[in-house]
1. Of the lysine pairs in the range 3-59, how many meet both conditions: Cα atoms under 23 Å apart, and a spacing of 8 or more in sequence or different chains?
2. Stretched out fully, how many nm does the piece from Glu29 to Lys11 gain, at 0.36 nm a residue minus the Cα gap?
3. Which ordering of Tyr22, Tyr12 is given by a fewest-first count of other beta-carbon atoms within 10 Å?
Amino acid sequence: MVKKIELAGKKYFECPICGLDYEEEEWAEKCEAWCSKYPSCNLETVKHSVGIMGQLEKKEPAK
């Protein structure tokens, strides 16, 4: 199940397997499905990624 992240007022969806984040939940779900089946990245899916925003969330100071 993809993780929802809110960072700087925007919502992102994270693949729980590889950690890549997407602005659209659909792409995070496709990424998760691929990651659970194959030990590799799908370039068609990855090109929709916005990076690893979840790592930034951990570094963002608490408000």
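Read the figures in this text as sums done on the coordinates, not as results from a lab. Because the structure is a prediction, the values reported are computed rather than measured. Ideal geometry is used to build each Cβ from the backbone, glycine not excepted, and the neighbour counts take in all protein chains shown.
1. Eligible lysine pairs with Cα atoms under 23 Å apart amount to 21.
2. Values: separation 18, 0.36 × 18 = 6.48 nm, distance 1.48 nm.
In short, 5.0 nm is gained.
3. Lowest count first: Tyr22, Tyr12.
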